[in-house]
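Engineer: The structure that follows is given in the form of structure tokens.
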Amino acid sequence: MTEPQDRLAPRPVLRSELLHDGMIWDVVRDTVDLGDSGTVRREYVRHSGAVAVIALDDEDRVLLLQQYRHPVRSELWEPPAGLLDVAGEDPWTAARRELAEETDLTADRWWVLADYLTTPGGNDEHIRVYLVRGLRSVPEGERHDREAEERDMVARWFPLDEVVEAVLAGRVRNPSTVVGVLAATAARARGWSGLRPADAALPERTAED
């Protein structure tokens, strides 16, 4: 028996149409050749990708931010996170920037905790989740001036096990929180062994990457 592993296996795209040129993401329609299964049309969101950071202190408390998310009309508890929307910026650099901008913290130790696809049936967004420890405050004069939804974010430290219970009870639903705290709990049970280095390569996204 082989171990489970996703496999990049693109089908020929006969036609691709841009339906919406968005500020953050686009909507496209592809006509795809599935071979013996015929030809289908699929509409999906084309996304730049994102990063998220599970920050743990020495007491295994995790830092979460309460942020308003308009599409679901809810304030969600989330880890620090952000888009991969700066040209040429690698995920680790983006994650360090987002951690500093959203929490006024930097971290001495970084690992890749998990990679996941948010909605593979409807968009191509990939999120890399990092685990960080050894946290330090950003000097007062170097802190980021937060705007829009970020301006009203509330930061709070929660015991990791408490957040896991909230996830299992359905009280916390942000996907990066769900993936991140469950992965962190699994990693802790293994003595934090087997985590990938922070600069590990991203999984392939398309045949052109």
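The values are calculated or read from the model by the stated rules, or taken from the named source; none is laboratory data. A quick note: this is a predicted structure, and the numbers were derived from the prediction, not measured. FYI the Cβ positions are ideal-geometry reconstructions off the backbone, even for glycines, and counts take in every protein chain you see. Surface areas here come from the heavy atoms of the whole protein model, side chains and all, with no ligands, DNA or RNA. Shrake-Rupley method; radii C 1.70, N 1.55, O 1.52, S 1.80 Å.
Engineer: Using helices alone, I'd like the mean residue ellipticity at 222 nm for the chain: each DSSP H run of four-plus residues gives -39500 (n - 2.57), total over residue count, nearest 500.
Structural biologist: Rounded to the nearest 500, the figure is -6000 deg cm²/dmol.
Engineer: Related question: If we count every other residue with Cβ under 11 angstrom of residue 114's Cβ, Lys/Arg +1 and Asp/Glu -1, where does the sum land?
Structural biologist: +1
Engineer: Ok, one more. Quick one: length gained pulling residue 11 to residue 57 fully straight, 0.36 nm per residue minus the C-alpha distance? Show your work: numbers first, answer last.
Structural biologist: Values: separation 46, 0.36 × 46 = 16.56 nm, distance 4.47 nm.
Gain on extension, residue 11 to residue 57, equals 12.1 nm.
Engineer: Leaving out ligands, DNA and RNA, what percent of the accessible area of the chain is carbon and sulfur, probe 1.4 Å?
Structural biologist: After summing per-atom areas, the C and S share lands at 48 percent.
Engineer: Separate question: Under 1.5 on a/c is rounded, so check that first for region 77-119, then, if it is not, pick prolate when a/b is larger than b/c and oblate when it is not; a ≥ b ≥ c are the square roots of the alpha carbon gyration tensor eigenvalues.
Structural biologist: Working: a/c = 1.36, a/b = 1.18, b/c = 1.15.
In terms of gyration-tensor shape, rounded.
Engineer: About the Cα centre of region 66-187, how large is the charge dipole given +1 on each Lys and Arg Cβ and -1 on each Asp and Glu Cβ? Please answer in debye to the nearest 20.
Structural biologist: So the dipole magnitude of region 66-187 works out to roughly 360 debye.
Engineer: For residue 27 paired with residue 48, estimate the spin-label separation in nm (one decimal), with each label point 7 Å from Cα along the Cα-to-Cβ line.
Structural biologist: Going from the residue 27 label point to the residue 48 one covers 2.1 nm.
Engineer: Semi-axes of the equivalent ellipsoid of region 25-146: what are they in whole Å, largest first, if each equals the square root of 5 times a C-alpha gyration tensor eigenvalue? Mind showing how you got there, number by number?
Structural biologist: Values: eigenvalues 228, 47, 40 Å².
Result for region 25-146: semi-axes of 34, 15, 14 Å.
Engineer: When the Karplus curve 6.51 cos²θ - 1.76 cosθ + 1.60 is applied with θ = phi - 60°, which whole-Hz ³J(HN,Hα) does each residue of region 64-79 get, with x for Gly and Pro?
Structural biologist: Using θ = phi - 60°, the values come out as 10, 10, 8, 10, 6, 10, 4, x, 9, 6, 9, 8, 10, 8, 10, x Hz.
Engineer: Quick one: 3J(HN,Hα) in Hz for region 45-59, Karplus 6.51/-1.76/1.60 with θ = phi - 60°, rounded, Gly and Pro as x.
Structural biologist: With coefficients 6.51, -1.76 and 1.60, one gets 8, 9, 10, 6, x, 7, 10, 9, 10, 8, 9, 10, 8, 5, 9 Hz.
Engineer: Kindly identify region 1-87 as rounded, prolate or oblate by the Cα gyration tensor criterion: order the square roots of the eigenvalues as a ≥ b ≥ c, call it rounded if a/c is under 1.5, otherwise compare a/b with b/c, prolate if a/b is larger, else oblate.
Structural biologist: oblate
Engineer: Show me the GluC sites (Glu not before Pro) within region 28-107 that DSSP assigns to loop and that have at most 16 other Cβ atoms within 10 Å of their Cβ.
Structural biologist: Loop-located and lightly packed - 59, 89.
Engineer: Another question, then. Normalising by the residue count of the chain, find the relative contact order in percent from Cα pairs under 8 Å and 6+ residues apart.
Structural biologist: With pairs under 8 Å counted, the relative contact order is 21 percent.
Engineer: Does anyone have the angle between helix 175-189 and the longest principal axis of the chain? Alpha-carbon axes, 0 to 90°, nearest 10?
Structural biologist: The helix 175-189 is inclined about 60 degrees to the chain.
Engineer: Round to a whole angstrom and tell me the spacing of the C-alpha centers of region 34-76 and region 93-113.
Structural biologist: If we compute the Cα centre of each part, the gap is 18 Å.
Engineer: May I ask you to give the solvent-accessible area per residue for the chain, in square angstrom, as obtained with a 1.4 angstrom probe?
Structural biologist: Working: 12820 Å² over 209 residues.
On a per-residue basis, the chain sits at 61 Å².
Engineer: Would you grab the residues whose amide H sits under 5 Å from the one on residue 123? Only those 5+ places off in sequence or on another chain, please, with H modelled 1.01 Å from N.
Structural biologist: For residue 123, whose amide H was placed from the backbone, the distant partners under 5 Å are 45.
Engineer: Could you go through region 89-95 in sequence order and give the Karplus-derived ³J(HN,Hα) for each residue, using 6.51 cos²θ - 1.76 cosθ + 1.60 with θ = phi - 60°, rounded to whole Hz, and x for Gly and Pro?
Structural biologist: Along region 89-95, the couplings run 8, 7, x, 5, 4, 4, 5 Hz.
Engineer: Suppose R0 equals 25 Å. What FRET efficiency, 1/(1 + (r/R0)^6) with r the Cβ-Cβ distance, do residue 186 and residue 165 give to the nearest 0.05?
Structural biologist: Details: r = 15 Å, r/R0 = 0.61.
Step by step, r from the Cβ atoms, then E = 0.95.
Engineer: Using the Cα centre as the reference, give the magnitude of the dipole from point charges on the C-beta atoms of the chain (Lys, Arg: +1; Asp, Glu: -1; all else neutral), rounded to the nearest 20 debye.
Structural biologist: Taking the Cα centre of the chain as origin, the dipole is about 520 debye.
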